[in-house]
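The values are calculated or read from the model by the stated rules, or taken from the named source; none is laboratory data. This is a predicted model, so every value here is computed, not measured. All Cβ positions, even for glycine, are placed from backbone atoms using ideal geometry, and neighbour counts span all protein chains on display. Ligands, DNA and RNA are excluded from the accessible area calculation, which covers all protein heavy atoms including side chains. Shrake-Rupley method; radii C 1.70, N 1.55, O 1.52, S 1.80 Å.
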Amino acid sequence: MKINPTFSRAAPRRAVLVRAEAGAANDDTFKSVVLESKVPVLVDFWAPWCGPCRIIAPVVDEIAKEFTGKLKCVKINTDESPNVASEFGIRSIPTIMVFKGGKKCETIIGAVPKATIVQTVEKYLG
C-alpha cells in the first residue's frame, strides 16, 4: 500500500492494546474469588459512568501487575453486582477494600494516589 506523504505530516499512529490486569468478580463469584482466596484481595468497587472510577482503574491494574502472586486484584461493577455492594455498605465509588482470609481489613474511598493504595495493601502482604 502506497501512502501519500503530503496527506499528513504527523507521525503514524499505532494501535495500542490495553489489557486489564485486574480480574472481575460479581455477585455470583465474590465468595469464591475474594472470600476464599489464599492471598489478600484488593477489590475495586466501580461503575462505568463514574469519572473518578475511570481515573483509578489504571492504577488498580498497575498494582495488580506489580503484586502478581502476592495479591489478587478484582473489580466489581456495582451496577451489575448490587448485592455485594449492598452487603459491604458501598455508598460512594470508587471504593477499594482489602480482604485477607475472607475478612474485610480496610476500606479506601475515592480516587486516591497510587502510593496510598500500595501503602495500605502492603500491610496485609506476607
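Modelled this way, with points 7 Å down the Cα-to-C-beta line, the labels at LYS114 and LEU35 are 3.3 nm from one another.
Calculate, in nm to one decimal, what GLU21 and ALA47 gain on full extension: separation in residues at 0.36 nm each, minus their alpha carbon distance. Numbers along the way, then the final one.
Values: separation 26, 0.36 × 26 = 9.36 nm, distance 1.72 nm.
Full extension from GLU21 to ALA47 adds 7.6 nm.
Ranked from largest to smallest solvent-accessible area, with a 1.4 Å probe on the protein heavy atoms, ASP79, ASP61 come out as ASP79, ASP61.
Assuming 0.36 nm per residue, please report the length gained on full extension of the stretch ASP28 to CYS105 beyond their Cα-Cα distance. Let's see the in-between values first.
Values: separation 77, 0.36 × 77 = 27.72 nm, distance 2.15 nm.
25.6 nm is the gain from fully extending ASP28 to CYS105.
In order along region 91-98, the phi-based Karplus estimate (6.51 cos²θ - 1.76 cosθ + 1.60, θ = phi - 60°) of 3J(HN,Hα) comes to 10, 9, 10, x, 10, 10, 10, 10 Hz; Gly and Pro are listed as x. Assuming charge only on the beta carbon of Lys and Arg (+1) and of Asp and Glu (-1), the dipole of region 23-123 about its Cα centre is about 340 debye to the nearest 20. Take every DSSP beta bridge whose two residues both sit in region 23-123; close to 60 percent of them are antiparallel. SER32 contributes about 70 Å² of solvent-accessible surface, heavy atoms of the protein only, 1.4 Å probe.
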